[in-house]
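Worksheet: one structure, shown below.
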Amino acid sequence: MFTGSKWKKIHILGQNNNVIKLKPIRFDGKLKGGSTKPWSVSCIDEGDPDLKLFPCVVKLFTPNNIAQSCHIAKEFICSELAREFDLDTPESYVIDLSDEDFVDTLTPKDLKELQSKHQGATFCSRLVNASLVNEELKKSTFSIWDCATLFAFDCMIMNADRGGHHNKANLLLDDDGFIVIDHELCLHFIDSDSEDAYEAILEEFKNNNWPQIYQHHLFYSKLKSYRGQKRNLFDTFREYLDRMDVNKIESLIAQLQGFGIDVGGSDRLIQYLYSLKQNSNKYCLIMLSLIA
């Protein structure tokens, strides 16, 4: 059963399921954002015969960001996972802003800023024409089915930043619905060599519960207070989870590693995804219990 709004589906992977690397051409200015202070950069796909220029958003992670967490890999992985659940998210690409031709176009001030950031392959996404979700839109725009699907997805990827302590939506809105962005604070259990964080999640799951991060989710209160029939709210999510292509995520991880992008505990992640897929009914029953 597929209920709710129609989602758009945009793929990260190009022909033959390969991650596309873009060439940066022109720095178009800084965008509003958090600590990563994203840049707007016009790029081309050198594999495109037309070499069409298009704008992208590039987050400027610091070396410390990358040393502490697999921010770059998480952006790619969660974006591709979102597409497995038919959630709209901007097209994603690999880019390296240390490209010699691009660097030569920068002012000394911008070059100095870039040189203080992580060097090498990183994540970028196509700049989309959409509005940031605000409090009023959050209250009125989205169907309860859409809210339930996004809630279950964010619980799955351990998203601490869709609402969270900073009260950031990390959600855009266009004429077709909402667009999910900003996933660098997800999947915390792949960051460390330790199994402790992963084991803690498994223990919660075993006990038919979930880590309490869900209580800060953007749509938790709306789902909790919903007075309609809740029993089937996660049916759509469960069908997507049953069909989730974990092999595609494994392929993506291998390609990211080929670009020199740290993926952390990737074997742990794959095991986790298979576990949820094999226990999709249990997972969705837990989601129902959280909003009962």
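Side notes on the structure shown:
- When only Cα pairs below 8 angstrom with a gap of at least 6 residues are kept, the chain shows a relative contact order of 21 percent.
- Of all DSSP beta bridges in the stretch 37-124, antiparallel share, percent nearest 5: 100
- The P(r) of the chain has a tail past 24 Å containing 51 percent of all C-alpha pairs.
- Within the stretch 202-244, the proportion of Cα pairs with more than 12 Å between them is 72 percent.
- Kirkwood hydrodynamic radius over Cα pairs of the stretch 31-116, then Stokes diffusion coefficient at 10 °C and 1.306 mPa s, in µm²/s: 107
- Heavy-atom surface of the chain, accessible at 1.4 Å and reported per residue (Å²): 47
- Gained length - LYS23 relative to ASP235, 0.36 nm times residue gap less alpha-carbon distance: 72.2 nm
- Placing unit charges on the Cβ atoms only, positive for Lys and Arg and negative for Asp and Glu, gives the stretch 154-243 a dipole magnitude near 780 debye about its Cα centre.
- The chymotrypsin sites (Phe, Trp or Tyr not before Pro) of the stretch 152-229 that meet both conditions, a loop assignment by DSSP and at most 15 other Cβ atoms within 10 Å of the site Cβ, are TYR226.
- Computed E for SER98/GLN271 - FRET, C-beta separation, R0 25 angstrom, nearest 0.05: 0.15
The values are calculated or read from the model by the stated rules, or taken from the named source; none is laboratory data. Since we're looking at a predicted model, the values are computed, not measured. Reconstructed Cβ throughout: ideal geometry from the backbone, glycine too, with neighbour counts over all protein chains shown. Ligands, DNA and RNA are excluded from the accessible area calculation, which covers all protein heavy atoms including side chains. Shrake-Rupley method; radii C 1.70, N 1.55, O 1.52, S 1.80 Å.
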